[in-house]
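Okay, structure first, notes after.
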Amino acid sequence: MMVRELQAVVAAMQEQLRELTERQNRNSGNSSKPPSSDPPWRQRPRKPASGNKRGGQPGHSGKFRRLEPPSPVDHVIVCSPDACAHCGVSFPASALRRRKVRRIQVVELPPIRPELTEYQVEARRCPCCRRRTWGHLPAGVTRCVGPRVQAVAALLSGACRLPRRQTQALLAELFGVRLALGTVAALEADTAHALAAPYQELAEAVPQAAVLGVDETSWKEAGTLHWIWTAVTRRFAFYHVDRHRSRAAFETLLGVEDPAAGRASPLVITDRYSAYGHLAPDRRSLCWAHLARDFRAAEERGGLDAVVGRWVLEVFGKVLASWRRHRAGELAREAFLAEIALRQEELRAPLRWGEEHGSPQTRALCGTCWSGGRRSGPGSR
């Protein structure tokens, strides 16, 4: 009896050790961790050496900065020699008419000095009632900065994700615009208000797309954990910050479906997160990048999982090779689809084998992909 109890304890400790070791070995190549979290000693996969020396190879066409046409050139400075560099004879004036020219264009930022406009709002007293009336500022003049300063501040703090203090410093150093920290925050709010209408237009266009790539990641909002959801279409990328990482948040991103509208639901490309599990098989396709990461993690677990992971990744490589040939114009679409169908059949064997013989993680992974392979998984999209 005691022997069986000790064996159970040892098995539980071995499983715990395996889980801790796997968690310790997670990186951007086998999990959802970002590359910035990788330890400095992690070696990134490198392309096989070509055997050539570094730099440009003999016979390659050089890459040069393209010259602009004469119309946008602001200044033209002619550099003419006064005398022959070989014998010292001075050039006559007639030689200038038969000249050969090498054009060299130098781009430079103009000296930046902020343009300061002062509005003097006058007050006039009525000769009848003796009450004072003040003039009105022009439409759009609400703060101490103009629209271009507001746009640059929004670009730095919003798109470039700079802290407000760094945005404040860059505006002062590069443009000579000195703003209070509270003004920078107020400009963010003004910009968000100005973009509310186009943002709503994109939100309404998301469920109308034929294909959507959807993902989510953690996001700090006012020091509180939120989630930023992304919906990527062929034309734009839409971002939505939500307090939750749930099916309800996902449905908020896609909007409420209206069957009476007769609109076809988009095909949604996702990872294996459970919030997408309610999607119908013909509406969901699994993301190849996420799957490659998951099977790489399976390969690194060792044992039977390594066989399954290596097997599936080998088929993935064949799929990507066919896709690159198709994108380069070397493989017609019909031939490409035929090759993908063959790869789909080739994937069934390792997925079925991993679902039956792998570790619990690999069984769950292969089970998801295997059911998807029968319906709308990675092998069919």
Run the Debye formula on the Cα coordinates of the stretch 105-158, all scatterers equal and no solvent, and tell me log10 I(q)/I(0) at q = 0.13, 0.22 1/Å.
-0.59, -0.97
Give the calculated FRET efficiency between M1 and V241 to the nearest 0.05, with a Förster radius of 56 Å applied to their Cβ-Cβ distance.
0.50
How big is the chain by Rg and Dmax over its Cα atoms, in Å?
31.7, 113
What would the Debye formula give as log10 I(q)/I(0) at q = 0.15 Å⁻¹ for the alpha-carbon point model of the stretch 143-245, no solvent?
-0.75
Whole-Å distance linking the alpha carbon centroid of the stretch 108-128 with that of the stretch 20-39 is 56
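For the stretch 209-360, report the translational diffusion coefficient in µm²/s to the nearest whole number, using Stokes-Einstein at 20 °C, 1.002 mPa s, and a Kirkwood Rh over Cα pairs.
My calculation gives 120 µm²/s for D.
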Calculate the spin-label point distance for D74 paired with S32, positioning each point 7 Å from the Cα along the beta-carbon direction, and give it in nanometres.
4.9
Length gained, L320-E356, 0.36 nm per residue minus C-alpha separation, equals 10.3 nm
Spin-label pair Y199/C160, simplified geometry with 7 Å Cα→Cβ offset, distance in nm
2.1
Measure of size requested: the Rg and Dmax of the stretch 1-115, with Cα atoms as the atom set and Å as the unit; please supply both.
34.4, 113
For E108 and R148, FRET efficiency with R0 = 30 Å and r from the beta-carbon atoms, rounded to 0.05?
0.90
Could you do me a favour and compute the accessible area per residue for the stretch 216-322, 1.4 Å probe, result in Å²?
54
What FRET efficiency would be calculated for the residue pair A172, R125, taking the C-beta separation as r and a Förster radius of 51 Å, to the nearest 0.05?
0.80
Protection-proxy order for peptides 179-185, 306-312, each taking the mean of Cβ atoms within 10 Å per residue, highest first
306-312, 179-185
Contour minus Cα-Cα span, A364 to A280, at 0.36 nm per residue, comes to 28.3 nm
If you average the sequence gap of Cα pairs under 8 Å that are 6 or more apart and divide by the length of the stretch 60-164, what percent do you get for the contact order?
11
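The values are calculated or read from the model by the stated rules, or taken from the named source; none is laboratory data. If you're wondering where the values come from, they're calculated on a predicted model, not measured in any experiment. Here the Cβ is made from the backbone with ideal geometry for all residues, glycine too, and neighbour counts use every protein chain on show. Just the protein is used for accessible areas: all its heavy atoms, side chains included, with ligands, DNA and RNA removed. Shrake-Rupley method; radii C 1.70, N 1.55, O 1.52, S 1.80 Å.
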